[in-house]
Amino acid sequence: LAKTTQPISMDSYEGQEVNITCSHNNIATNDYITWYQQFPSQGPRFIIQGYKTKVTNEVASLFIPADRKSSTLSLPRVSLSDTAVYYCLVGETLNSGNTPLVFGKGTRLSVIA
Amino acid sequence: EPEVTQTPSHQVTQMGQEVILRCVPISNHLYFYWYRQILGQKVEFLVSFYNNEISEKSEIFDDQFSVERPDGSNFTLKIRSTKLEDSAMYFCASSGPTRSNYGYTFGSGTRLTVV
């Protein structure tokens, strides 16, 4: 599994766009990049997944450069309820095996009013 | 939206006692997992389960732990003789057989406190 590095914590004011960057220098050809969100005392929740370029859904956007050695999760106009820990994971998707997700320490995002 | 359901939400047990944590995965999912999170620490993988057998397990998942899918809907984690250091949030998760745009679905967890 590719090792990931992301900031330990970030602060943001409400209404701002937040970008969390994850480094994964040894990403493999078959690896996808997946982000999860975890609120206190809850299980992680899938946010977004991508392989290259840009992916957007109703929650976030994921930007992946051509070399795929990093990725950026973008949260538009955050609110207090976006305060959570955000995890970047890199690995093969499920149709190529049963590789369990391995979580790092994640980025603790604190949104301030 | 389909959910993974875990019971109980809280469990307090005395050291040395056996506990069973229960999970109802999403009905059409085929892969099942248990993770734990000690307070203030990261989410740790315990075990994965597919086709009625363990697929992978971590070093944490020693002989004190066992998993079972006793029927078509439940997935259980048993800790035979609990220790103080087993106190944690235990999360069950499930995933489908094909590449999914939604990854794993986690339950809300069971908070286990060993006293």
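For the range A:9-112, give the magnitude of the charge dipole about the Cα centre (Cβ charges: +1 Lys/Arg, -1 Asp/Glu; no others), in debye to the nearest 20. Numbers along the way, then the final one.
Numbers: 8 positive and 8 negative charges, 32 e Å.
I would put it at about 160 debye.
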Approximate spin-label separation A:LEU80-A:TYR51, in nm, with each point projected 7 Å along Cα-to-Cβ | 4.2
Amide H contacts of B:THR5 (H built 1.01 Å from N, under 5 Å, at least 5 apart or other chain) | B:VAL24
Which of B:LYS78, B:LYS57, B:LYS42 moves most in a GNM of chain B, Cα contacts under 10 Å?
-> B:LYS42
Once you put a point 7 Å from the Cα of A:PHE39 and another 7 Å from the Cα of B:ASP71, both along the Cβ direction, what distance in nm separates them?
-> 3.1
Gaussian network model of chain B, Cα springs within a sub-10 Å range: biggest mean-square fluctuation belongs to which of B:SER87, B:SER95, B:SER55?
-> B:SER55
What ranking do B:HIS10, A:HIS24, B:HIS29 get, fewest neighbouring Cβ atoms within 10 angstrom at the top?
-> B:HIS10, B:HIS29, A:HIS24
Based on the Cβ-Cβ distance from B:GLU1 to B:GLN41, what FRET efficiency comes out when R0 is 30 Å, to the nearest 0.05?
-> 0.60
Along Cα→Cβ, 7 Å out, is where each label goes; now give me the distance between the ones at A:GLU14 and A:THR29 in nm to one decimal.
-> 5.0
Length gained when the stretch B:ARG80-B:GLU18 is fully extended (0.36 nm per residue, less Cα-Cα span) | 21.9 nm
Exactly which GluC sites (Glu not before Pro) in the range B:40-85 are in a DSSP loop and have at most 11 other Cβ atoms within 10 Å?
-> B:GLU59
Provide a whole-number value for the mean count of partner chain Cβ atoms within 10 Å of the Cβ atoms in peptide A:40-48.
-> 6
Among A:ALA60, B:GLN17, B:PHE65, whose Cα sits farthest toward the positive end of the charge dipole of the protein assembly as shown (+1 at Cβ of Lys/Arg, -1 at Cβ of Asp/Glu, about the Cα centre)?
-> A:ALA60
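How high is the relative contact order of chain B, in percent, counting Cα pairs under 8 Å that sit 6 or more residues apart? Mind dumping the intermediate values first?
Values: 275 pairs, mean separation 44.5, N = 115.
Relative contact order comes out at 39 percent.
What does the charge count around A:SER12 come to, taking other residues whose C-beta lies under 11 Å from its C-beta (Lys +1, Arg +1, Asp -1, Glu -1)? The partial results should precede the final answer.
Numbers: positive: A:ARG77; negative: A:ASP11, A:GLU14, A:GLU17, A:ASP82.
Local net charge: -3.
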Have a look at A:GLY91, A:GLY50, A:GLY15 and tell me which one the Gaussian network model of chain A (Cα, springs below 10 Å) gives the largest fluctuation.
-> A:GLY15
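Rule-based calculations on the coordinates, nothing more; no lab input. Fair warning: this is a prediction, and the values are worked out from it, not measured in the lab. Positions of Cβ are generated from backbone atoms using ideal geometry, with glycine treated the same way; all protein chains shown enter the neighbour counts.
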